[in-house]
Every structure is written in C-alpha cells, then in structure tokens.
Amino acid sequence: MVKLDFKIGDLHFKNPVLTASGTFGYGLEFDDFLDVSRLGGIVVKGITLEPREGNPSPRMAETPSGMLNAVGLQNKGIDYFEKNIYPDLALYKTNVIVNINGSYIDDYITLAGRIGKLKKISAIELNISCPNVRMGGMAFGTNEKSAREVTRAVRAVYQGKLIVKLSPNVTNIVDFARIAEEEGADSVSLINTLLGMSVDVKTMKPALSTITGGLSGPAIKPVALRMVWQVARALTIPVIGMGGIMNADDAIEFFLAGASAVQVGTASFIDPQASVKILEGIESYLVEKGFSDIRELIGLLNKVH
Ligand SMILES: Cc1cc2nc3c(=O)[nH]c(=O)nc-3n(C[C@H](O)[C@H](O)[C@H](O)COP(=O)(O)O)c2cc1C
C-alpha cells in the first residue's frame, strides 16, 4: 500500500485530500454522495459570530473555465453551529476544520475561543480575506499589519492547530505567508478566490449584485500553483494548496510544486464525489510511478530542476 498520510505538527491526516471551505457545506450535505470519513479532512463553510444572510442574488456567475461568487459568507452563526451541526460533525472519522471569519479582530478572538472548546474540531482555518471594518473594508489579508494582528490575536487564544488561509489578491503572497509563520501558524492554505468581475452585455449590468466577486475553478489553477510553489519554498510549515483542482493530475501538480496537502473546491459543485475520485487517482498515480510514499512527490519539482 502507498503511504498517503501527512501531519500538521502532531495532528495526523490519513491522506492529503481535504475539501475547501464554502464548497462542501458542513460535509453533512454530502453524506448521500460519498463516505466523508474517507477524506483526510473537511473544512466546513465559513462561520461568523452572528448569522449572516449573505449578499443579494445574483451571487454566482459562470465564466469561461471558472466561477464567480459573491455568496458573502451566508451562515447561521456560531450558536447554531455549536448546537445543531457540531454533534453530527463529531461523528466523522476524519479531521474537521472550521473556517472562521470576522469584521473585527474581536470577532475572530471570540470565535476561536469558542471553537477551541469543541474537542472534535481538529484545527481552525483562519480566513483573512474578510473585509476589515476598521480599515474601510480592506481585507485583513491584503494588509500586512492587519494580517499580522489577526493571526497573532487568534494564536494567543487558540491552542489547536492554526491554518492561515491566504488571499491571492496581494502583490507578494510570500510576504503574507511569512507573517503567518512568524506569528505561530502551524500551516498556511492558499489560494482563496481571485477578485474578478463579469458584465452581462444583454442587460448591460454586472453579472453579480456586488459587481466584483471571487473567481474560482480551473481558470485560477496556474496562478494558485505559482503561489503555492513560491510559498512552499519560503516556509518550513506545511502548505495546503488549492485553486482549480478538478482531477488527480491537477492535485499532483500541487504536490510536485511543494504542497503537503490539497483542498478540492469548485470541483465538488460539478461532481459531489470529486474529492474521493481525486484521492483514488492520486493513489493510482503513485502506484503507477512506483512511489511508496506521497512524501517522495512533495516539492520534487525543485529537485529535478
Ligand atoms: C461558493 C464559494 C464559497 C466559498 N466560501 C468560502 C469561505 O466561506 N471561506 C473561505 O475561506 N473560502 C471560501 N471559498 C474559497 C474556496 O474555499 C477556495 O479557496 C477557492 O474556491 C479556490 O479553490 P477552487 O478553485 O478549487 O474552488 C469559497 C468558494 C466558493 C466557490
């Protein structure tokens, strides 16, 4: 058998295929399509302190080889999550990671404190792509000072594994990855969606109610791969790669570029079993190529060039 496991510190993952936040609900919605516990982990949809209705429609738009969304973190808030979702999630035999979001640093601190009390939650994924109200709506993750502040604040209150999810909407993502590592993150995940827009020429209106939104899917893969490669070379903590992974070959590109694990996002909208199929494809590839451990693949690109 091929070894597929990986670790973030002392947190063990049976394999390196996870689902990306916002594309897999709470996992529970996928129970009819696959055995969620086969995955290395799931990252549940973004959670906020208070319930959020999200943005008005239209908040999804298809583009050539990608998807624009402006869902706006629609979710029922932490109270609902603790009472109604967490008990079911605790039954999964895999790592459950909660993606946390806020408008103020205090929101993140409170959320991290409450998630820290939920024993079955393996890690927090800190989404720093949220608008920072104190900075006029500029995302925490696109300003070095606020990215540092929010990471430091969450690290101070959360003892579990902390994964900082990086925004690609910056000049040099390596600077932000280094900040996360310096402030005690156990891992970084990247990339979140790329800011984009689309216009309907028939109505002469923007395709999204918010005008701009987040681009995901195959269109962003080359950008994501480049960023993962850059970050993996610069950091010592494990890097989780995502962005346009639709099949096993896409995932393997990320491992070769230096990712220790991958997340599957938009692909799950097209095929709810995509994540498990990608896992199976990775295993077959390793067998075919004669590898006994996926670690042999990680960052191999840098060794053969
Ligand atoms: C509909 C939708 C909702 C998303 N919601 C979140 C979220 O709540 N938190 C977050 O960190 N990322 C969120 N993302 C970003 C994804 O987790 C992922 O970073 C991005 O889509 C790139 O991966 P992909 O191309 O495989 O989809 C969302 C993406 C989509 C398409």
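The values are calculated or read from the model by the stated rules, or taken from the named source; none is laboratory data. Remember, it's a predicted structure, so these values are computed and weren't measured experimentally. Glycine gets a Cβ as well: all are built from the backbone with ideal geometry, and neighbour counts include every protein chain shown.
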Residues (under 27 Å from N127 (Cα atoms), aliphatic (A, V, I, L, M) and away from the ligand (no atom under 14 Å from the Cβ)) located in the stretch 249-295:
I252, L256, A257, V276, L279
What residue, of V223, V231, is in a helix (DSSP H, G or I), in contact (Cβ under 8 Å) with a residue 24 or more places away in the chain and surrounded by fewer than 17 Cβ atoms within 10 Å (Cβ to Cβ)?
V223
What are the residue pairs meeting all of these: first residue in the stretch 285-301, first residue in contact (Cβ under 8 Å) with a residue 40 or more places away in the chain, second residue assigned to a strand (DSSP E or B), Cβ atoms under 6 Å, and 6 or more apart or on different chains?
D293/K3
If I ask for residues that are free of Cβ contacts under 8 Å to residues at least 40 places away in the same chain and either closer than 23 Å to G214 by Cα or surrounded by fewer than 15 Cβ atoms within 10 Å (Cβ to Cβ) (or both), which ones from the stretch 268-284 would you list?
I270, D271, A274, E280, S284
Can you name the residue in the stretch 5-17 that is aliphatic (A, V, I, L, M) and more than 15 Å from the ligand (Cβ to nearest atom) and is also nearest to the chain's Cα centre (by Cα) among such residues?
I8
Can you find a residue in the stretch 136-155 that is within 14 Å of the ligand (Cβ to nearest atom), in contact with a helix residue (DSSP H, G or I) (Cβ under 6 Å, 6 or more places away or on another chain), among the β-branched types (V, I, T) and without any contact (Cβ under 8 Å) to a residue 40 or more places away in the chain?
no
List the number of the failed condition for M60; all other conditions in (1) within 14 Å of the ligand (Cβ to nearest atom); (2) surrounded by fewer than 18 Cβ atoms within 10 Å (Cβ to Cβ); (3) on the phi > 0 side of the Ramachandran plot hold.
(3)
With respect to I245, determine if the residue is aliphatic (A, V, I, L, M), more than 14 Å from the ligand (Cβ to nearest atom), modelled with pLDDT of 95 or more and assigned to a loop (DSSP other than H, G, I, E, B).
no
Taking only the stretch 156-170 into account, find how many residues are within 13 Å of the ligand (Cβ to nearest atom) and in contact with a Phe, Trp or Tyr (Cβ under 7 Å, 6 or more places away or on another chain).
1
For M227, all conditions in the list (1) within 13 Å of the ligand (Cβ to nearest atom); (2) over 16 Å from the mean Cα position of the chain (by Cα); (3) aliphatic (A, V, I, L, M) hold save one; what is the number of the exception?
(2)
Whichever residue in the stretch 18-43 is aliphatic (A, V, I, L, M) and within 23 Å of I282 (Cα to Cα) and, among such residues, is nearest to the ligand (Cβ to nearest atom):
A20
Can we say D106 is charged (D, E, K, R) and closer than 23 Å to S146 by Cβ?
yes
Every listed condition ((1) within 29 Å of I298 (Cα to Cα); (2) crowded, with 24+ Cβ neighbours inside 10 Å; (3) in contact with a Lys or Arg (Cβ under 9 Å, 6 or more places away or on another chain)) holds for G184 save (2)
Looking only at the stretch 18-34, which residues are under 16 Å from the mean Cα position of the chain (by Cα) and free of Cβ contacts under 8 Å to residues at least 60 places away in the same chain?
G25
Those residues of the stretch 73-93 which are free of Cβ contacts under 8 Å to residues at least 60 places away in the same chain, touching a strand residue (DSSP E or B) at 6+ places or on another chain (Cβ under 7 Å) and in a helix (DSSP H, G or I), in sequence order:
I78, F81
